[in-house]
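Asker: Here you go, one structure.
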Amino acid sequence: MTVSTPRTITFIGTAPTTDDSIVVGCTTKAEFAMLDSHQLLLGTSANASIRAWVPDTVYLSGEIINYAGKLYEATTGFTSGAAFAFTNLLPTEKALLLSTDSIVKVISYANHDSVNMKTSVYVGSTSIAVPYTPGYDDVTYDAIQLDGQTVNIIHKPLYTLHDNHLNIDYVQVYKNGIFQLPMQDYELASPNTILYKRQFLETDELIITEFTENSQRGMMSYRMFKNLLDQTNFYRISLQESTELSTDLGIFDTVINVKDASRCSVPDIAGNRPGVVFIRGEKITYWERDIARNRLSRINRSTGGTGAPIIHLIGSSVVSAGGYEEIPTQYDSTSVLKWQPSTAFNDTGAYFLYGGKIYQILLGFTSSTTWAATETANSSSLSGVAISGTAGQFTCSSTTLAVGNAVKITGILGGTGTITGYTTGKVYTISATNGTTSFTLTDAGGAIVTTTGTPTGLTYTLHKYFVERSQFRDKLWYDKVNTPANSLFDTNSVQSRYLRQKQGFVPT
């Protein structure tokens, strides 16, 4: 927590009168005011309603009275006598007197709660009582079905959270000071409820800490560069690996003068790999880096098919794109097809492009004459869905199903039946079907664990032919369908982890 320099107000000369007041500019809970080493309460003012003690004077209940430099509160209305007496008076700190040379300090704290942390402590169980009636029968084969019943109370340790959460990673639980493992020891029963899954005694202490899932995160930036050889590379744009021109760079200059050459990569002469920088879209390579004089030399301009302007102005961003800034994995342009009307797309798993969006083929199909017709046939909702087995088997109302179709499930799982590992927006693949009313789902090719029943609160969308994907290399950077937040921030791919390592920015 960072404390700012206190703002200080000093009163010089005669002391303020009883009618004077001072307004302290505390506007948030991150500030407080001090008067002569005593803390002032927000919402109060010094000298407010303070009266001097005077003999034979009427005082009302609650008034603050100053006598001999000390403050007293009138507990009931009274009339003072000829001499000061403590009758009906109590010492108080509700207000503080301003005197000659009094010093008021206002101290501000920086925002220390950017992740909006909330912690709750529970001792014992906040259980839900569930009546269970097994019954018993004393006389067999009589007309009375049950002679009596017993009731047991089943405790389910459910704890209500302050906020709604879709990701359990933003909730931490400690039991008696020992960190608990998510999914193994506890899980989200609903977006705002934790279910503790282990034995829990009434004397056990559970500490639950939540973090916001909407905190502001640093920028992630990258550059997609395609050269004259039709090769595509991706480079991270990192604030840490960037600097600025310290002088103008003309078209005939042979060195690049920068503010901090240490932020540019070291050329690998033995490996025949020069240093690389981008300046306003021009790709420049260099073979020498001089940190002492902050300059790059033995340069090659306009590489990779880029152009060079007459001048790059002082202050322009110099963004390193050396080997350490190239994002891992290889780009595969051969798997991208262009959507064409009345065309057969039979290469399952391949990608095609339409309207600036990328789609992956799930099942071979022939496109219609217009995109709209194909898109309409692409997806539909499944109805009457129930879980019929323990290995991902489902039933539904009659429709047309095929192996390779994708099923996207959204919503909060309720009712009966379970799907282990389910999160809203997850996409599964049909691995077996009778073609109309039954199907088996897998998760990324692996079997899923289910329990029979009829879930509620879920929507099932059948993707028959293709599904929208997002930016990809030979593997997806992130999957728009499987990632509810649709962001590189919310996935754990190699590319997203690489980008998150350093702060990005927009070059100028």
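The values are calculated or read from the model by the stated rules, or taken from the named source; none is laboratory data. These numbers come from a predicted model, not from an experiment. Ideal geometry is used to build each Cβ from the backbone, glycine not excepted, and the neighbour counts take in all protein chains shown. Protein only, heavy atoms only, side chains kept; ligands, DNA and RNA dropped before computing areas. Shrake-Rupley method; radii C 1.70, N 1.55, O 1.52, S 1.80 Å.
Asker: Pull out a ≥ b ≥ c, the square roots of the eigenvalues of the alpha-carbon gyration tensor of segment 255-306, then state rounded if a/c is under 1.5, prolate if not and a/b is larger than b/c, and oblate in the remaining case.
Answerer: oblate
Asker: What is the extension gain from T390 to W339, computed as 0.36 nm multiplied by their sequence separation minus the C-alpha to C-alpha distance, in nm to one decimal?
Answerer: Here the answer is 14.4 nm.
Asker: May I pose another question? To the nearest 20 Debye, how big is the dipole of segment 258-333 about its Cα centre, given +1 on the beta carbon of each Lys and Arg and -1 on that of each Asp and Glu?
Answerer: Dipole magnitude for segment 258-333 comes out near 340 debye.
Asker: Turning to a different aspect of this structure: Could you grab the relative contact order for segment 232-333? Cα pairs under 8 Å, six or more apart, rounded to a whole percent.
Answerer: 38
Asker: A follow-up question, please. Fully extended, how many nm does the chain gain between L353 and A444 (0.36 nm per residue separation, minus their Cα-Cα distance)?
Answerer: In short, 30.5 nm is gained.
Asker: Between V121 and T369, take the C-beta separation as r, use R0 = 60 Å, and let me know the FRET efficiency to the nearest 0.05.
Answerer: The value I calculate is 0.40.
Asker: Counting other Cβ atoms within 10 Å, which trypsin sites (Lys or Arg not before Pro) in segment 229-319 have at most 12 and lie in a DSSP loop?
Answerer: R293
Asker: Expressed in nm to one decimal, what extension gain is obtained for the pair S431 and Q240 from 0.36 nm per residue of sequence separation less their Cα-Cα distance?
Answerer: Length gained between S431 and Q240: 64.1 nm.
Asker: Of the accessible area of segment 227-294, with the probe set at 1.4 angstrom, what percent is carbon plus sulfur?
Answerer: Carbon and sulfur atoms account for 49 percent of the accessible area of segment 227-294.
Asker: Using a 1.4 angstrom probe, figure out how much accessible area segment 222-305 has per residue, in square angstrom, rounded to the nearest whole.
Answerer: Counting only protein heavy atoms, the per-residue value for segment 222-305 is 53 Å².
Asker: Set the Förster distance to 22 Å, then compute FRET efficiency between E468 and I412 from the Cβ-Cβ distance, nearest 0.05.
Answerer: For E468 and I412, the calculated efficiency is 0.40.
Asker: Read phi for every residue in segment 296-311 and hand back ³J(HN,Hα) as whole Hz from Karplus 6.51 cos²θ - 1.76 cosθ + 1.60, θ = phi - 60°, with x for Gly and Pro.
Answerer: After applying 6.51 cos²θ - 1.76 cosθ + 1.60, I find 10, 9, 6, 9, 10, 8, 6, 7, x, x, 7, x, 10, x, 4, 8 Hz.
Asker: Quote the Stokes-Einstein diffusion coefficient, in whole µm² s⁻¹, for segment 378-450, based on the Kirkwood radius over alpha carbon pairs, a temperature of 10 °C and a viscosity of 1.306 mPa s.
Answerer: In µm²/s, the coefficient is 129.
Asker: Related question: What is the calculated FRET efficiency for I251 to R293, with r their C-beta to C-beta distance and R₀ = 25 Å, to the nearest 0.05?
Answerer: So the FRET efficiency works out to roughly 0.70.
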